[in-house]
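To keep things clear, I will list the structure first and then write my remarks on it.
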Amino acid sequence: EYGEGSLVSMELFGGYMVLLGLRAMCALTGWGYVHPDEWLQSAEISGRDVLGVRSTVPWEWEQDSGARSLLNLVWSTTLPYMAVNTLCSAPSPWTLVLAVRVFGLFKSMLLDLLLVLCATWSNVPNPMTVLLMAGSSWPMLVLIVRPFSNSNETILLAAGLAVGVCPFVVHRTKLVLTGAIMAVGIWTRITFPGFFLPTCVWLLVPQDAQRKSLKSWVKRAIPSGLIMVLLGFIPMATVLTISDSLYFQTLRFVIHGQPVGLVTAFSKGMVSGLVSIECSNKSCWTLSPLNNLLYNLDTNSIAEHGLHPRCTHLLFNQWLMFGWIPALAIRAWATRLHPKTAKLYTPLFAASAVTGIACLSVAPHQEQRFLLPMLVPLVLMAGGCSPTGWGTRPWHRVFFRFLVLTWLVFNFLLTFIYGFAHQSGIVPALAQLDSTLAQDGRDLNAKVVWFRTYSPPTHLLLSKQTETAPRIRLYDAQGNVTLAIQQIRQGAHILVTPGSVDISRELGLRRTDWTPGWKWKPHLSTEAFPRFLEWSDRGLDQVSLVIYVHKYVDLYKHQPSSPGQP
C-alpha cells in the first residue's frame, strides 16, 4: 500500500502532467505574437542561413555590427530548422513554426528537470510543488517555449543554480563549471551576470567562512577559487569568440585566396596544409557581448525602443510576470516557512532574484520578458511552502485557497492574451498568403502592405534568395499612414490590417473597392486597439486580422483581373 505521502506525491505528479499537456497545447496551437524579437532575432536569421530564403535581418546581425552571438541563434531556431531542412524537401510555414515550438517544448522540459534537481538538492520538502507553481505560470506556458534569448537565459540560470547546490560534485569542479556557465550566459544575454553572480560569490566563500576573518577569506578565495572559475570561463569564452568571429567574417579561413567555411577548411585545408587565416580590415575578433553592451549604454539608441522609469520592473513588471510569487517568496524567507535544511540555500536564491532585478533596473528600457530568469529563484523560494505553513485556523485556509484561485485566474487570462490573442493572426496570415499566392510557383510579384501590426517574419514565405524577385513583396508600414497610402498607390492590391482599423477613415480607401478576403480571430492589437464605442456596429470583427483585397484582384487566381489603381 502507498502511504499518505506517496499518494500526495502521485497527485502532484498527475497535476504536473496535466500542466505539461496544457503547455504542449499552448506551444502547438497558440499563435500569439508576444514581441517582434520572437522572430526577428532568431528565426529570421536561421531562415536565411539554413534554408536560404529571403528574410528581414536586424542590424544586430549585420556583418559590421556583430551585436548578437551565434550561440543563442543555434539553440533557438537553427537546430530545428536544420532538422526541417533535412527531413522536408518542401516545408510549409506551419512546418517551420511547429518545429521551433516543439524544440522549445523540449527545452522547457529540460528546465523542469533542472528545477526538480535544484529543489531536491536544496532540501525543499516536496519538489513537485515547485514544478506545479512554475508549470502553472503564464511565463512557462507562453514565453519559455518561444525562441527568446530570455528563455535560454532562464535555462542557464537554472543549470548554474543546480551546479551550485549539487552535493555530488567536487567543489573545484563546481567552480570550473560555474565559469563555463558564466561565459555561455554572457554570450547569450549580457544581463546574465546580474542573476548568476551571487552563485559565483557563494561558491567562492569557504565552508568554514564563519570562523575566518574577511582577510583570510580574500587570501583563500582569490588564489584558488577565482583561478578555477577562470579555468572554466576563459576556454569557453575563447571558443564562443572564435565562432562569432567566423560567423561575422571578421576572421576567415582562406584556401588559394578564396574564403571557405569551417567544414571545408578542416576537411580539405588541414589535410593539404594550404589553409590560412585572415582578418578583416576592422578587427580579427567579434566580441558580441561587448558590442551589445556598448549599444545598450547609448541612451539615444535605447530611446528608439522606448524609455521607461527605472522603477518599472520593481513596481509593475515583476507583478505582471509572476503574480503573487514575489510576495510569497519574501514571506517564505522572512517567516521561515522552509525547513532549516532548506533555509541554507534560501539567501542564495533571494540574492539571485534581487541582484537580477537591480541590474535590469539600471537600464531605462525595461520590458517584462527581461525578468523571465527570476522565475527560477522565486519558485524555488515560494514553491516549497506547504498550505500548513500558513497556519491552522480556518481563515488561514480560506486565504490560501483565495491565493490559489486568483493565481489560476491570473495566469489563465495572461496565457490567453499573450498566447492566443495578442497579434495572433500574423503567422496564419503569412501561411494563408503562401498557400494562395505562392504555391503555384509563378512569378507573381504580389505586393502586400501590412498596417498597424507587428513586423511579419518574412522568411515564412519561403522565397528563395536565388530567385530574381520575390513572388510576394511585403511592405511593413507599421503605423505610418503616409507610407501605407504611398505603397497602395504604387500598386499594392492586398492590405493586411486589424479589423479595428477603419480603412476608409484612416487610409481613405473605398470599402466598395476593398473586400475582406480572409479573417483570423482572435487578434488583439495594441497598435489598433478595439474601439468599444463602435462595438455594436462592428462587434468581434474588431478583434480580428483581415486580409483586404482590391476588387481587381482574385486572391485565389493570384492576378489582377483588370488594370487600375485602388
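The values are calculated or read from the model by the stated rules, or taken from the named source; none is laboratory data. This one's a predicted model, so the numbers in the text were calculated from it and none came from an experiment. Ideal geometry is used to build each Cβ from the backbone, glycine not excepted, and the neighbour counts take in all protein chains shown. Each accessible area value is taken on the protein alone, full model and side chains, heavy atoms only, with ligands, DNA and RNA left out. Shrake-Rupley method; radii C 1.70, N 1.55, O 1.52, S 1.80 Å.
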Could you list all residues from region 45-56 that are open to solvent by less than 40 Å² (accessible area, probe 1.4 Å) and in a loop (DSSP other than H, G, I, E, B)?
G52, S55
Does M140 count as touching a residue at least 60 places away in the same chain (Cβ under 8 Å), within 27 Å of G164 (Cα to Cα) and open to solvent by less than 30 Å² (accessible area, probe 1.4 Å)?
yes
Among the candidates L132, L105, L156, single out the residue that is within 15 Å of the chain's Cα centre (by Cα), over 20 Å from T191 (Cβ atoms) and crowded, with 17+ Cβ neighbours inside 10 Å.
L105
T95 being over 22 Å from E153 (Cα atoms) and either modelled with pLDDT of 90 or more or touching a Pro at 6+ places or on another chain (Cβ under 7 Å) (or both)
yes
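Within region 51-60, is even one residue aliphatic (A, V, I, L, M) and either touching a Pro at 6+ places or on another chain (Cβ under 9 Å) or modelled with pLDDT of 95 or more (or both)?
Yes, there is a match, as at least one residue in region 51-60 is aliphatic (A, V, I, L, M) and either touching a Pro at 6+ places or on another chain (Cβ under 9 Å) or modelled with pLDDT of 95 or more (or both).
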Of the residues S69, S76, S9, S42, which is open to solvent by 30 Å² or more (accessible area, probe 1.4 Å) and in contact (Cβ under 8 Å) with a residue 40 or more places away in the chain?
S9
Segments classed as helices (runs of 4 or more DSSP H), wholly inside region 346-437, with at least 2 members that are open to solvent by 30 Å² or more (accessible area, probe 1.4 Å)
346-362, 394-416
Taking L28 and the conditions (1) more than 25 Å from F420 (Cβ to Cβ); (2) open to solvent by 40 Å² or more (accessible area, probe 1.4 Å); (3) of a type outside the set (G, A, S); (4) touching a Lys or Arg at 6+ places or on another chain (Cβ under 9 Å), which numbered condition does it fall short on, given that it satisfies the others?
(1)
Is it true that some residue in region 64-84 is outside any helix (DSSP H, G or I), closer than 25 Å to R471 by Cβ and among the aliphatic types (A, V, I, L, M)?
no
Check off (1) open to solvent by 10 Å² or more (accessible area, probe 1.4 Å); (2) assigned to a helix (DSSP H, G or I); (3) touching a residue at least 40 places away in the same chain (Cβ under 8 Å) for G539 and give me the number that stays unchecked.
(3)
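Listed here are the residues, each with its yes/no results for (1) in contact with a Cys (Cβ under 7 Å, 6 or more places away or on another chain); (2) open to solvent by 80 Å² or more (accessible area, probe 1.4 Å); (3) modelled with pLDDT of 70 or more.
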| site | (1), (2), (3) |
| --- | --- |
| T241 | no, no, yes |
| Q249 | no, yes, yes |
| G261 | no, no, no |
| G269 | no, no, no |
| V275 | no, no, yes |
Listed residues Y552, Y556, Y548; which is among the aromatic types (F, W, Y), touching a strand residue (DSSP E or B) at 6+ places or on another chain (Cβ under 6 Å) and either at pLDDT below 90 or open to solvent by 70 Å² or more (accessible area, probe 1.4 Å) (or both)?
Y552
Filter result for the condition that a residue is at pLDDT below 90 and assigned to a helix (DSSP H, G or I), over V176, V184, V218:
V218
Test: residue in region 517-528 that is surrounded by fewer than 19 Cβ atoms within 10 Å (Cβ to Cβ), within 25 Å of Y418 (Cα to Cα), β-branched (V, I, T) and within 30 Å of the chain's Cα centre (by Cα)
yes
G21 fails exactly one of (1) in contact (Cβ under 8 Å) with a residue 24 or more places away in the chain; (2) open to solvent by 10 Å² or more (accessible area, probe 1.4 Å); (3) closer than 25 Å to H422 by Cα, namely (1)
Assuming P125 fulfils every condition listed in (1) assigned to a helix (DSSP H, G or I); (2) closer than 30 Å to A332 by Cβ; (3) open to solvent by 10 Å² or more (accessible area, probe 1.4 Å) apart from one, which condition is it?
(1)
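A quick yes/no check of all residues on (1) surrounded by 23 or more Cβ atoms within 10 Å (Cβ to Cβ); (2) out of contact with any Lys or Arg (no Cβ under 6 Å at 6 or more places or on another chain); (3) not in a loop (DSSP other than H, G, I, E, B):
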site	(1), (2), (3)
A469	no, yes, no
Y475	no, yes, yes
A484	yes, yes, yes
S500	no, yes, no
Which of the numbered conditions does Y81 fail, given that it passes all the others? Conditions: (1) more than 29 Å from L290 (Cα to Cα); (2) at pLDDT 95 or above.
(1)
Just to be sure, is V169 open to solvent by less than 10 Å² (accessible area, probe 1.4 Å), farther than 20 Å from A332 by Cβ and not in a helix (DSSP H, G or I)?
no
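I need the full set of residues from region 140-152 which are within 22 Å of I186 (Cα to Cα) and part of a helix (DSSP H, G or I), in order please.
Residues satisfying the conditions are L143, S149, N150, S151, N152.
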